[in-house]
1. Only one of B:A260, B:A244, B:A203, B:A213 is away from chain A (no Cβ under 14 Å) and free of Cβ contacts under 8 Å to residues at least 24 places away in the same chain; which?
2. Give me the pairs: first residue in segment B:85-101 and among the acidic types (D, E), second residue open to solvent by 40 Å² or more (accessible area, probe 1.4 Å) and at pLDDT 95 or above, beta-carbon distance under 6 Å, and six or more apart or on different chains, which are they?
3. Among the residues of segment B:31-53, which ones are open to solvent by less than 50 Å² (accessible area, probe 1.4 Å) and within 17 Å of B:L302 (Cβ to Cβ)?
4. Looking only at residues in segment B:112-126 that are more than 11 Å from B:A64 (Cβ to Cβ) and not small (G, A, S), which one is surrounded by the fewest Cβ atoms within 10 Å (Cβ to Cβ)?
5. I'm checking my understanding of the structure. Among residues of segment B:127-151 that are open to solvent by 10 Å² or more (accessible area, probe 1.4 Å), in contact with a Pro (Cβ under 8 Å, 6 or more places away or on another chain) and in contact (Cβ under 8 Å) with a residue 12 or more places away in the chain, which one is farthest from B:W81 (Cα to Cα)?
6. Could you check B:Q156 against (1) surrounded by fewer than 23 Cβ atoms within 10 Å (Cβ to Cβ); (2) within 14 Å of chain A (Cβ to nearest Cβ); (3) not basic (K, R) and say which number it fails?
7. Of the numbered conditions (1) surrounded by fewer than 15 Cβ atoms within 10 Å (Cβ to Cβ); (2) in contact with a helix residue (DSSP H, G or I) (Cβ under 8 Å, 6 or more places away or on another chain), B:W246 satisfies every one except a single condition; which is it?
8. If B:R96 passes every condition in (1) open to solvent by 20 Å² or more (accessible area, probe 1.4 Å); (2) at pLDDT 95 or above; (3) within 14 Å of chain A (Cβ to nearest Cβ) but one, which one does it miss?
Amino acid sequence: MGWADRPAGVVSIGTVMNEQSDDDGIVLTEAQKRARRSRSIAIALALGALVILFYVMTLVKGPGVLIRPI
Amino acid sequence: MLVSKGADPSGTLAASSLAEPSLATVGDYIVLMKPRVMSLVVFTALVGLAVAPGSLHPVTAFTALLCIAVGAGAAGALNMWYDADVDAVMIRTSRRPVPMGRVRPGEALSFGLMLAGFAVVTLGLLVNWLAAALLAFTIFFYVVIYTVWLKRSTPQNIVIGGAAGAFPPMIGWVAVTSSLSFEPVLLFLIIFFWTPPHFWALALYRADDYARAGIPMLPVVSGDASTRRHILLYTLVLVPLGTAPWLFGYTGPLYGATAALMGVIMLGLGWQVLREKRPAERASRNLFAFSILYLFLLFAVLLVERGWGGLIVRLAS
């Protein structure tokens, strides 16, 4: 079914989302923003630490990095 | 009354906060991981890792301990997710993040599952898959066997469920050797038989709390006197087991003397618990506090006498 053939009353998802965010979207309080920011920083740090851990372990294991005993 | 279902069966827990964006802080997520339990898990895993024969690069050893710690944290978070309903009615646990509504049950569940996945896969990829499989089984045992099944259905909950807390030294050992032998099983047995007197001593003076939550702990189901007898019985098994590493020649006289002395004190406290009548509860509190010292000292001396030298050799080589 083409865009021009859509039944009357059907609107695009994008339109709905824009209306929600313009009219009654969730507005975070300062406390919620602070909590979200602290969680985001913690996730970023944890992911960064994981990348560093895998990098260092690759250096430690050297060519044997793919040899994983069961 | 037995509680039949966890994770907020009534759906009322923190209902008002469900429509609100989360206020959970990083600190709340750290609490979800039960840091005090984690510290004991890391310590016993370190001992298992240090006393194991063979060599392990310090960075690999650190990675193994990190994965074991995160795995323990994952199990703690999943436990708090499922037990949110009983945590809410117990004084000791009512201020945990899920019953307080700071972390939603779904957030705790996804956090625990994600941590468990990362911990097991990372341990498998960077250390070895047998250790990873043991860690996965430990998390499964604590969450499914203990938390979901045993805790709400039998007074033997902490006897069988105590196995989950006894696995870490075995995982540490397997991280080094990629195999199992009698010595790590002995460490497992020490923690396994230490768990019932430790938790029943706590349950004796928290019996009302457990009864209110409908958790069939031994003092709630079998009564005070029976619990005191069971504490002494398990302590009688624990004390010889505590000295077994020395008797089998795995450790030196320092460990033997420490285990014997601490064992005598532990037995004395167990006897006091048996003799003491309610409402007096000093002996139970003393035994609970001393049991922590007992396990810590035994493993610390083991680390100093057996493991510390090995670690230094490994770091130097």
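The values are calculated or read from the model by the stated rules, or taken from the named source; none is laboratory data. On a predicted model such as this, the values are computed, not experimentally measured, just so you know. Quick reminder, even Gly has a Cβ in these numbers, built from the backbone with ideal geometry, and neighbours come from all protein chains shown. The accessibility values were calculated without ligands, DNA or RNA, using every heavy atom of the protein model including side chains. Shrake-Rupley method; radii C 1.70, N 1.55, O 1.52, S 1.80 Å.
1. Every option except B:A260 fails the conditions.
2. B:D87/B:R96
3. B:V41, B:V42, B:F43, B:T44, B:A45, B:L46, B:V47, B:G48, B:L49, B:A50, B:V51, B:A52
4. B:M114
5. The selected residue is B:L130.
6. Of (1) surrounded by fewer than 23 Cβ atoms within 10 Å (Cβ to Cβ); (2) within 14 Å of chain A (Cβ to nearest Cβ); (3) not basic (K, R), only one is false for B:Q156: (2).
7. Only one criterion in (1) surrounded by fewer than 15 Cβ atoms within 10 Å (Cβ to Cβ); (2) in contact with a helix residue (DSSP H, G or I) (Cβ under 8 Å, 6 or more places away or on another chain) is unmet by B:W246, namely (1).
8. All conditions pass for B:R96, except number (3).
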